[in-house]
Amino acid sequence: MSYIYAMSDIHGCLDAFEYALSLADLSGDNKLILLGDYVHGPDSYGVLKKIMQLQIKYGNDKVIALLGNHEEMACDGRWPIGVNGDGDTDHTEDSAGYFIWMQNLPRYYVEGNTIFVHAGIDEEAEDLWEWGTSDYIFTEKYPAQTGRFYHDMKIVAGHIGTAEISGVPNFHDIYFDGESHYYIDGTVLESGMIPVIKIDTQNNKYYRVTETGDWLILPYNEEN
């Protein structure tokens, strides 16, 4: 049995990222998928360096990093990486390597019936979503879409804080709409939290990972 762990929207919060990583088991055939927005926070370069080190240690097929809109903004020159916090200054001499890495990140990843993406996909395209979704939608889709997607496919995304999606300002946990969408952006710069989701793709089960164990994720309206 293998599992996929996923987290999103780290935004330079290296300590919170390290804690979230401690909850993920990367033994055996387990994988880690990171859904983008690694930069624009207190230690953006530190987070990028950590992800790259993980990929060197485990391989790019086991630690999969996707592109977020903040990486796109950095690569396009719209928002410099090293603008927040003292930690950013430690890596600026090697910034070219980080930009090359970000420019080559994929926009989505699929395993079983689960689509992992930073912001979302064009759901009206149904089974042709891979061809029907523009680059902009993959990284910038707004607002968050809920409801049933094509067939039995599930979508795990970040980009929009679950506090906004739920309408509850202090909610920073995983949001499941009860149909096809799991949103996992915990607004770390505000909450200090990076939610970790664990997926059993063989049995189509999705868990919230905590220090006390793994908990089956129920629809938001049933949990709250």
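The values are calculated or read from the model by the stated rules, or taken from the named source; none is laboratory data. Computed from a predicted model, the values in this text were never measured in an experiment. Methodologically, a virtual Cβ is constructed for each residue, glycine included, from the backbone with ideal geometry; neighbour enumeration extends over all protein chains shown. Calculation scope for accessible area: heavy atoms of the full protein, side chains included, ligands and nucleic acids excluded. Shrake-Rupley method; radii C 1.70, N 1.55, O 1.52, S 1.80 Å.
Inside segment 94-120, can you point out the residues that are of a type in the set (A, V, I, L, M), in a helix (DSSP H, G or I) and open to solvent by 50 Å² or more (accessible area, probe 1.4 Å)? Spell out how you get there, then give the answer.
If we filter segment 94-120 for residues that are of a type in the set (A, V, I, L, M), which is where we start, we get 96, 100, 102, 105, 110, 115, 117, 119.
Pick out the ones that are also in a helix (DSSP H, G or I) and you get 96, 100, 102.
96, 100, listed by residue number.
Does segment 174-190 hold any residues that are among the charged types (D, E, K, R) and within 13 Å of the chain's Cα centre (by Cα), and which are they?
Initially, segment 174-190 is screened for residues among the charged types (D, E, K, R), giving 177, 179, 185, 190.
Matches in segment 174-190: 185 only.
Filter segment 188-224 down to the residues that are surrounded by fewer than 20 Cβ atoms within 10 Å (Cβ to Cβ), in contact (Cβ under 8 Å) with a residue 60 or more places away in the chain and not in a strand (DSSP E or B) and list them by number.
Of everything in segment 188-224, those that are surrounded by fewer than 20 Cβ atoms within 10 Å (Cβ to Cβ), in contact (Cβ under 8 Å) with a residue 60 or more places away in the chain and not in a strand (DSSP E or B) turn out to be 189, 192, 193, 201, 202, 204, 211.
Has segment 35-55 got at least one residue that is free of Cβ contacts under 8 Å to residues at least 24 places away in the same chain, assigned to a helix (DSSP H, G or I), within 17 Å of residue 187 (Cβ to Cβ) and open to solvent by 40 Å² or more (accessible area, probe 1.4 Å)?
Within segment 35-55, none of the residues are free of Cβ contacts under 8 Å to residues at least 24 places away in the same chain, assigned to a helix (DSSP H, G or I), within 17 Å of residue 187 (Cβ to Cβ) and open to solvent by 40 Å² or more (accessible area, probe 1.4 Å).
Return the residues of segment 146-169 that are in contact (Cβ under 8 Å) with a residue 12 or more places away in the chain, open to solvent by 20 Å² or more (accessible area, probe 1.4 Å) and over 15 Å from the mean Cα position of the chain (by Cα); say none if nothing qualifies.
Matches in segment 146-169: 146, 147, 148, 150, 151, 152, 153, 164, 165, 166, 168.
Within segment 146-157, does at least one residue satisfy the condition of being touching a Gly at 6+ places or on another chain (Cβ under 8 Å) and under 17 Å from residue 223 (Cα atoms)? I'd like the intermediate steps shown before the answer.
So the first thing to find is which residues in segment 146-157 are touching a Gly at 6+ places or on another chain (Cβ under 8 Å), and the list is 155, 157.
Cutting the leftovers down to under 17 Å from residue 223 (Cα atoms) gives us none.
No, segment 146-157 contains no residue that is touching a Gly at 6+ places or on another chain (Cβ under 8 Å) and under 17 Å from residue 223 (Cα atoms).
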